[in-house]
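Let me begin by presenting the structure, written as structure tokens, before commenting on it.
The values are calculated or read from the model by the stated rules, or taken from the named source; none is laboratory data. All values reported here derive from a predicted model rather than from experimental measurement. Heads up, the Cβs are rebuilt from the backbone with ideal geometry, glycines too, and the neighbour counts pull from every protein chain shown. Surface accessibility is based on the protein's heavy atoms, side chains included, excluding ligands, DNA and RNA. Shrake-Rupley method; radii C 1.70, N 1.55, O 1.52, S 1.80 Å.
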Amino acid sequence: MSADIKFDQVLDAKGLSCPLPILKTKKAVETLAKDQVLKVETTDPGSKNDMASWAKRTGNEILKVDEGSGTFTFYIKKSA
Amino acid sequence: MAQKKMTIIASKGTLDMAYPPLILATTAAAMDVDVTIFFTFYGLEIIKKDNADRLKVSPLGNPAMPMPMPIPTLVSSLPGMEAMATAMMKSMCKKHGVASIGTLLDLAKESGVKLIACQMTMDLFGYKKESIVDGVEVGGAASWLDIAADSQINLFI
């Protein structure tokens, strides 16, 4: 936890199921400037793979994924 | 990377079958895919005004539907069973954070998903353009084929 990633915006997508975490992430990333970082928190177990696919397809970069007990925290850098 | 294109034919108008086209369409749009949904036959129910959140699901003829207890087919046909199954699915969706059909339809429109209503089915069922939600174009098989021929993904649901 020492090397925490700096982020510019937080999105709470906990409790939401597919496809809402992706849709909300897309919307939030659109409000960022290039190279800014969005922190997204989810509880949807499918979001781990889905977020990776979404990022690959849209050309954004997932800097880090933290897995907690039933939660996932993504740090996404707007790269496109 | 050239923009990918996808079309979906939405042909079913039950609560359960309205989900796949809208989930895939909104997700594809979020992944920078250019999406078109062609609503035909019962799929038109999804885009009738004020109808998206009134779609129903029936256990009748749907043996795969999970129920709290096994329900004989004859019982499924009784009055109130459809309403019960619909209420059950809606409460399940709410509990699991699944968006309503109305919300997904709004999100689809908001994210630029192109919606086309099948002219022939509208005429067949006697639906007027005014009874369909705003922002929907009307077209026929050729309209869909024209877009589908240039799309990488074409689904019939």
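Laid out as a table, the results:
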| item | result |
| --- | --- |
| Selection within the stretch A:40-64 - farther than 17 Å from A:Leu16 by Cβ and more than 10 Å from every other protein chain (Cβ to nearest Cβ) | A:Ala52, A:Asn60, A:Glu61, A:Ile62, A:Leu63, A:Lys64 |
| Test: residue in the stretch B:26-45 that is polar (S, T, N, Q), out of contact with any Leu (no Cβ under 6 Å at 6 or more places or on another chain) and within 14 Å of another protein chain (Cβ to nearest Cβ) | yes |
| Output for the stretch A:24-45, where each listed residue is of a type in the set (D, E, K, R) and part of a strand (DSSP E or B) | A:Lys39, A:Glu41 |
| Selected residue (criterion: farthest from the other protein chains (Cβ to nearest Cβ)) from residues of the stretch A:1-39 that are open to solvent by 20 Å² or more (accessible area, probe 1.4 Å) and in contact (Cβ under 8 Å) with a residue 40 or more places away in the chain | A:Ile5 |
| Qualifying residue in the stretch B:46-64 (condition: within 24 Å of B:Ala149 (Cβ to Cβ) and either at pLDDT 95 or above or not β-branched (Val, Ile, Thr) (or both)) | yes |
| Which listed residue, of B:Ser77, B:Ser58, B:Ser100, is over 19 Å from the mean Cα position of the chain (by Cα) and among the polar types (S, T, N, Q) | B:Ser77 |
| Output for the stretch A:46-60, where each listed residue is closer than 15 Å to B:Met31 by Cβ and not in a loop (DSSP other than H, G, I, E, B) | A:Ser47, A:Asn49, A:Asp50, A:Met51, A:Ala52, A:Ser53, A:Trp54, A:Ala55, A:Lys56, A:Arg57, A:Thr58 |
| Residue in the stretch B:81-95 that is open to solvent by less than 60 Å² (accessible area, probe 1.4 Å), within 14 Å of chain A (Cβ to nearest Cβ) and either more than 12 Å from the chain's Cα centre (by Cα) or touching a residue at least 12 places away in the same chain (Cβ under 8 Å) (or both) present | yes |
